[in-house]
Amino acid sequence: MVSIRWHGRGGQGAKTASQLLAVAFLKAGRYPLAFPEYGPERTGAPVVAYTRVDSRPIRVRSAIDKPDIAVVLDASLMAEVRVANGLSEDGWLIVNREAGDPPMNFAGTLLNIPADQIARDVGARFANTVLVGTVAGLIGEPSLAQMREALNEVMGRLRPQALDGAWKALEAGYMVAEGGRHRVVS
């Protein structure tokens, strides 16, 4: 089983990211589970969402304490939330921040992705789809075709221009991770 924990702020799309990846895994024939954990439920408040995927049905419904991958949509959360809690030395911490930012004290593999900038560059509004693509590219599945199908299903109500931007952002994140698999980027 692969366990992914998403850290964001209300309104940044952590819940949508977890659901989008789960739908893509479903399209790939896997068994996914995605759910959010809310606190005060207001814009800007810390939010956590979870994605689990396995080759057989998942019976565990609790929060993910020991993720294989932790994704941080907003680097400012690292001052408030212990985003790397539970990650092992072979875990991945994916953070939306510039590569030149100060290094973190973390034993696993850190992947800094300037997701906000990537999203802007391709005409997307949010960094969450960049990071969904990054996770899929890092894991090596679901495929881009399955990701596109899931994106159309989950975000299909967006205006065509916004949906196209979200797709370009997802694809860009996938390519960044695919090129950097199994190496530390700081």
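Listing for the model above:
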{"item": "Efficiency of FRET from Cβ geometry, residue 162 and residue 65, R₀ 41 Å, rounded to 0.05", "result": "0.70"}
{"item": "Förster radius 22 Å - calculated FRET efficiency between residue 148 and residue 56 (Cβ-Cβ, nearest 0.05)", "result": "0.25"}
{"item": "Max mean-square fluctuation residue, GNM over the chain, Cα-Cα springs under 10 Å, options 25, 106, 126", "result": "106"}
{"item": "Total charge dipole magnitude, the chain, about the Cα centre, Cβ charges on Lys, Arg, Asp, Glu only, Debye to nearest 20", "result": "460 debye"}
{"item": "Dipole-positive endmost among 172, 57, 93 within the chain (Cβ charges, Cα centre)", "result": "57"}
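We did not get these values from a lab; they are worked out from the coordinates using the rules stated. Bear in mind the structure is a predicted one, so any value in this text is a computation, not a measurement. Cβ atoms come from the backbone with ideal geometry, glycine included; neighbour counts cover every protein chain shown.
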